[in-house]
Amino acid sequence: MSVLAILSRPSLEAPAARPSSEPFELADPDVPHLSVLDLAATRGDGVFETVSARFGRPHALDAHLRRFARSSALLDLPAPDLPAWRSAILAVASELADAGEALIKVVLSRGVEGGAAPTGWVHGAAAPDFTAARTRGIRVVFLDRGYRHDVEQTSPWLLAGAKTLSYAVNRAVLREAARRGADDVIFVSSDGVVLEGPTSTVLFRSGDRLLTPGTGLGILEGTTQGDVFAWAESAGIETGYALLGPEELAQADAIWLVSSGRHAAPVRELDGVARAVDADLTARINAHLLDREH
Ligand code: PLP
């Protein structure tokens, strides 16, 4: 089962996409709705979020909406009408309450080429079963992203740090990982700094501290990482940010890739070398992420 909500007016700064007094309308997800001229389809010119939900409650919704607005601004898109988007996401989540865990994709595109109205929709479906990745763990390889770690400052037009619809590279690296016998990837900058996964944030434990590379590196500010840090601090675990290279990361006591949906996936193999998984901390983190109230 899947659920679709189409925004009537995704941004108050731009004309409405469809005449309606309601902020969104539920629509049949099994029939086509998108124009073949929509810039989402022809150029990947738009932004998105993937929000996890459980029993009808979306996780980290405020953080997702903040990042959605930030990505839109980086692409010079008209600012999303956040209350309208929030109501559409809540409606889709609530339709999926019986699905248990759900994944909700939130998309804003520049709209039909030549037009002024952006296109927006929210689509949700039951999440796949992530149990194996969350418990047994994943095999990861390092791949060079080809940009320096300061790309966000030197070349903002590359949109590093925005969650754009242009994710063909993020898919290609997973195929490269599979060719190398791995499940996922950690990007490294051309000058040797550990960055992020193609759909996840890197988290690691060094002694009794939980660390992550932090922002400003042309990477996304992870909503899941933010929630893990907030939980860790309340549980008395120290958190922090660390710039480091792949060899230093390999020395960490435990490594995870964290993201909406899959939550915390412990890294059980790095560049072909088996690693110990911190099963206890992994279980605590995932229990917290699953039980989040919002
Ligand atoms: N980095 C990238 C490139 C991503 O695409 C994602 C999520 O899809 C993340 C990090 C993790 O973000 P979040 O925890 O908000 O899902």
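The values are calculated or read from the model by the stated rules, or taken from the named source; none is laboratory data. Remember, predicted model here, so these are calculated numbers, not experimental data. Glycine also receives a Cβ, built like all others from the backbone with ideal geometry; neighbour counts cover every protein chain displayed. The accessibility values were calculated without ligands, DNA or RNA, using every heavy atom of the protein model including side chains. Shrake-Rupley method; radii C 1.70, N 1.55, O 1.52, S 1.80 Å.
Considering only residues in the range 210-235 that are closer than 26 Å to T135 by Cβ and among the acidic types (D, E), the one that is farthest from the ligand (Cβ to nearest atom) turns out to be E233. Once the range 228-271 is narrowed to residues that are assigned to a helix (DSSP H, G or I) and touching a helix residue (DSSP H, G or I) at 6+ places or on another chain (Cβ under 6 Å), the residue that is least open to solvent (accessible area, probe 1.4 Å) is V228.
Screening P198 against (1) open to solvent by 30 Å² or more (accessible area, probe 1.4 Å); (2) of a type outside the set (V, I, T); (3) within 18 Å of the chain's Cα centre (by Cα) leaves a single unmet condition, (1). Among the candidates L90, L103, the residue that is assigned to a strand (DSSP E or B) and surrounded by fewer than 23 Cβ atoms within 10 Å (Cβ to Cβ) is uniquely L103. Scanning the range 128-169 for residues that are within 18 Å of S259 (Cβ to Cβ) and without any contact (Cβ under 8 Å) to a residue 40 or more places away in the chain gives P128, D129, T131, A132, V169. Could you say whether any residue in the range 143-151 is among the small types (G, A, S) and away from the ligand (no atom under 14 Å from the Cβ)? Yes, some residue in the range 143-151 is among the small types (G, A, S) and away from the ligand (no atom under 14 Å from the Cβ). The residues of the range 185-227 that are touching a helix residue (DSSP H, G or I) at 6+ places or on another chain (Cβ under 8 Å) and either in a strand (DSSP E or B) or more than 20 Å from G161 (Cβ to Cβ) (or both), listed by number, are V185, I186, F187, V188, V194, T201, V202, L203, F204, R205, L210, T212. Taken together, the residues in the range 28-56 that are open to solvent by 20 Å² or more (accessible area, probe 1.4 Å), out of contact with any Leu (no Cβ under 6 Å at 6 or more places or on another chain), in a loop (DSSP other than H, G, I, E, B) and of a type outside the set (D, E) amount to 8.
Every residue, every condition in (1) more than 16 Å from the ligand (Cβ to nearest atom); (2) touching a residue at least 24 places away in the same chain (Cβ under 8 Å), yes or no:
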| position | (1), (2) |
| --- | --- |
| V194 | no, yes |
| L203 | no, yes |
| I237 | yes, yes |
| A287 | yes, no |
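Here the condition is being out of contact with any Cys (no Cβ under 9 Å at 6 or more places or on another chain), closer than 24 Å to A162 by Cα and not assigned by TED's automatic domain parsing to the domain that holds D184; of S94, S72, it holds for S72 alone. Give me the pairs: first residue in the range 216-234 and under 29 Å from R148 (Cβ atoms), second residue acidic (D, E) and in a helix (DSSP H, G or I), beta-carbon distance under 8 Å, and six or more apart or on different chains, which are they? Matching pairs, first to second residue: G216/E152; L217/E152; G218/E152.
Taking the listed residues V141, V169, V106, V188, the one that is within 30 Å of L26 (Cβ to Cβ) and among the aliphatic types (A, V, I, L, M) is V106, with no other qualifying.
Please find, among R136, R145, the residue that is open to solvent by less than 70 Å² (accessible area, probe 1.4 Å) and either hydrophobic (A, V, I, L, M, F, W, C) or in contact with a strand residue (DSSP E or B) (Cβ under 8 Å, 6 or more places away or on another chain) (or both). First the steps, then the outcome.
On the way: R136 fails: open to solvent by less than 70 Å² (accessible area, probe 1.4 Å).
Just one listed residue meets the conditions, R145.
Taking the criterion of being touching a residue at least 60 places away in the same chain (Cβ under 8 Å) and either at negative phi or in the same structural domain as Q225 (by TED's automatic domain parsing) (or both), the residues of the range 60-69 that qualify are L61, D62, A63, H64, R67, F68.
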